[in-house]
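Below is one structure, written out as structure tokens; comments come after it.
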Amino acid sequence: MRQSLKKAAEQVGRSTGQAVTIVRRHAPDYQIALYMGLLMLMGLIVMYAIGPQRANFLNNIEGTDFYTTNYFFIKQTASLLLAMAAFAFMATIPYRLIMKYAGKVLLLAFVACGLLVILGNILNIDQLTLCTKGACRWFIIPGGLGTIQPAEFLKFGVLVFVAGFLGIRSQQGLINDINRTLFPVGIIAVLSMFFVIIMQKDMGTGIALVSILVAMLIAANIKWRILGLVFAGLLAAGVLLIVVAPHRIDRVATFLNGDNTSVDDASGYHISHSKIAIGTGGLAGVGIGNSIQASGYLPESINDSVFAIMGETFGFLGLTGVIAVFTALLLRLLKVTDHLNDMRMKLLAAGVFGWLASHVILNIAAMIGIFPLTGITLPLLSFGGTSMIFIAAALGMAFQMSRYTAFGSKLRGNENEDSSSRRGVGRTRYASRRRPS
């Protein structure tokens, strides 16, 4: 069968003079699953390490004994199992089925966000929504099972719908058409920003959504002139959203103040203790169970600030390992994107890369003080089920897309086959492309 495909491609290439690429389902890129699993395992270790301290701190603050020693470890384990199930489901569900229902997924995500606004911001129903620090971002799951954040669902919906939409426009040769392509994408972006940044007051998630869209626009080969206008518009919108919100202005001012910020400064308390945690860790860390910052000094120690806690616990070597695994995973996603010929698949993989990269870069940059705090989680490591489940689902799609990377060659005339392309299909993820002799 494989030889027949090659012969047919050769005949087409020689008769038309066009580049022909053979694409056939093959073994997926298991490194995506491996790196994802390693990060999840690291997250479990962190919850085991600092969970008891966090539980003791919350029990003292709330005057209760609700949080057991293993509370956060057990919750993170449950989230991990659900995330693995989401990964497996999205890795096996037919790709065309994902594209078929992409519009309905996005619509359902918008409905969920709208419902959160109604129940939380307008009706103030505390039994169904969780609002903290003036922001309503979560639905409460009945039965004490936790919460769910619709903004994570919205990221997923925007990813699958816009990938399919831009893929079709690319096939039609309309990718640079402002009215028929960029305007609809802009409407989706504005509506998403309304729910996430304005209503939920979540700038970090808004930046992640923008990163998904920008990554797909770049992969779709949008003209650089148009892309420049898009960046200019995003920059203007970002500045406007900052100046209209006092808490964002404070965060930017704290960032600009840099090392002059002290722990006594309320606006700089978070970043100051983050730097203290990372600095205290030294080369090899203070060890499991010895974290001081996890005892209540560093805000959001198991969520947004988990990178700093890992620095204190496992030191420079531990943080280097974490960054290395994230980098390896991002490079695999880039390689998958580069070797996909179907534009919709390529855009999906690019969007997943943008999603993951934005979280990793923004979280780490904020924790070491080279970017303002945004309240964005560190994927697969921070405590919380919704984020882990949906990003695992997105990685599951990328894992499935890796089955369709190009293993064949660009044939033109009587070009010769490179010896490395003769490897078995089942063993090959990315076979080399034939080069002109």
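The values are calculated or read from the model by the stated rules, or taken from the named source; none is laboratory data. As the structure is a prediction and not an experimental result, all values here were calculated from the model. Note that we place each Cβ from the backbone using ideal geometry, even for glycine, and neighbour counts take in every protein chain shown.
So that you can scan it fast, the table gives a plain yes or no per residue for (1) touching a residue at least 24 places away in the same chain (Cβ under 8 Å); (2) surrounded by 20 or more Cβ atoms within 10 Å (Cβ to Cβ):
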position: LEU283; (1), (2): yes, no
position: GLN293; (1), (2): no, yes
position: ASN303; (1), (2): yes, no
position: ARG332; (1), (2): yes, yes
position: LYS346; (1), (2): yes, yes
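State all residues of the stretch 154-170 that are without any contact (Cβ under 8 Å) to a residue 60 or more places away in the chain and basic (Lys, Arg); if no residue qualifies, say none.
The answer is ARG169, and nothing else.
What about LEU340, is it touching a helix residue (DSSP H, G or I) at 6+ places or on another chain (Cβ under 8 Å), hydrophobic (A, V, I, L, M, F, W, C), buried (at least 16 other Cβ atoms within 10 Å of the Cβ) and in a helix (DSSP H, G or I)?
no
Assuming PHE195 fulfils every condition listed in (1) surrounded by 16 or more Cβ atoms within 10 Å (Cβ to Cβ); (2) hydrophobic (A, V, I, L, M, F, W, C); (3) in contact with a Ser or Thr (Cβ under 6 Å, 6 or more places away or on another chain) apart from one, which condition is it?
Unmet for PHE195, out of (1) surrounded by 16 or more Cβ atoms within 10 Å (Cβ to Cβ); (2) hydrophobic (A, V, I, L, M, F, W, C); (3) in contact with a Ser or Thr (Cβ under 6 Å, 6 or more places away or on another chain): (3).
Can you list the helices (runs of 4 or more DSSP H) found entirely within the stretch 185-301 that contain at least 1 residues being among the small types (Gly, Ala, Ser) and in the same structural domain as MET47 (by TED's automatic domain parsing)?
Correct list: 269-281.
I'm trying to understand the selection: among the residues of the stretch 348-367, which are touching a Phe, Trp or Tyr at 6+ places or on another chain (Cβ under 8 Å) and touching a residue at least 60 places away in the same chain (Cβ under 8 Å)?
Within the stretch 348-367, LEU362, MET367 meet the criteria.
Considering only the stretch 61-99, state which residues are free of Cβ contacts under 8 Å to residues at least 40 places away in the same chain and assigned to a helix (DSSP H, G or I).
Within the stretch 61-99, GLU62, TYR71, PHE73, ILE74, THR77, LEU81, ALA85, ARG96, LEU97 qualify.
Within the stretch 302-317, how many residues turn out to be in contact with a Gly (Cβ under 6 Å, 6 or more places away or on another chain) and either over 28 Å from VAL352 (Cα atoms) or part of a helix (DSSP H, G or I) (or both)?
6
What are the residues in the stretch 354-386 that are under 10 Å from the mean Cα position of the chain (by Cα) and farther than 23 Å from VAL336 by Cα, if any?
The answer is THR377, and nothing else.
Residue by residue, here is whether (1) in contact (Cβ under 8 Å) with a residue 40 or more places away in the chain; (2) basic (Lys, Arg); (3) closer than 18 Å to LEU159 by Cα; (4) buried (at least 18 other Cβ atoms within 10 Å of the Cβ) holds:
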{"position": "GLN200", "(1), (2), (3), (4)": "yes, no, no, yes"}
{"position": "ALA215", "(1), (2), (3), (4)": "yes, no, yes, yes"}
{"position": "LYS223", "(1), (2), (3), (4)": "yes, yes, no, no"}
{"position": "ILE249", "(1), (2), (3), (4)": "no, no, no, no"}
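Hey, can you tell me all the residues within the stretch 378-428 that are charged (D, E, K, R) and modelled with pLDDT of 90 or more?
ARG403, the sole residue that qualifies.
Quickly run through the stretch 171-183 and pick out the residues that are assigned to a helix (DSSP H, G or I), surrounded by fewer than 15 Cβ atoms within 10 Å (Cβ to Cβ), free of Cβ contacts under 8 Å to residues at least 60 places away in the same chain and not β-branched (Val, Ile, Thr).
Scanning the stretch 171-183 gives ASN179, ARG180, PHE183.
When the residues of the stretch 132-159 are filtered to those that are part of a strand (DSSP E or B), modelled with pLDDT of 85 or more and not aliphatic (A, V, I, L, M), which remaining residue is nearest to SER79 (Cα to Cα)?
Out of the qualifying residues, it is THR147.
I'd like to know if the stretch 104-116 contains one or more residues that are modelled with pLDDT under 95 and either in contact with a Ser or Thr (Cβ under 6 Å, 6 or more places away or on another chain) or among the acidic types (Asp, Glu) (or both).
The answer is no, given that none of the residues of the stretch 104-116 is modelled with pLDDT under 95 and either in contact with a Ser or Thr (Cβ under 6 Å, 6 or more places away or on another chain) or among the acidic types (Asp, Glu) (or both).
Between ALA49, ALA27, which is surrounded by fewer than 20 Cβ atoms within 10 Å (Cβ to Cβ), more than 21 Å from the chain's Cα centre (by Cα) and touching a residue at least 12 places away in the same chain (Cβ under 8 Å)?
That would be ALA27, the only listed residue that is surrounded by fewer than 20 Cβ atoms within 10 Å (Cβ to Cβ), more than 21 Å from the chain's Cα centre (by Cα) and touching a residue at least 12 places away in the same chain (Cβ under 8 Å).
In a helix (DSSP H, G or I), surrounded by fewer than 16 Cβ atoms within 10 Å (Cβ to Cβ) and touching a Phe, Trp or Tyr at 6+ places or on another chain (Cβ under 9 Å) - does that describe any residue in the stretch 109-128?
Yes.
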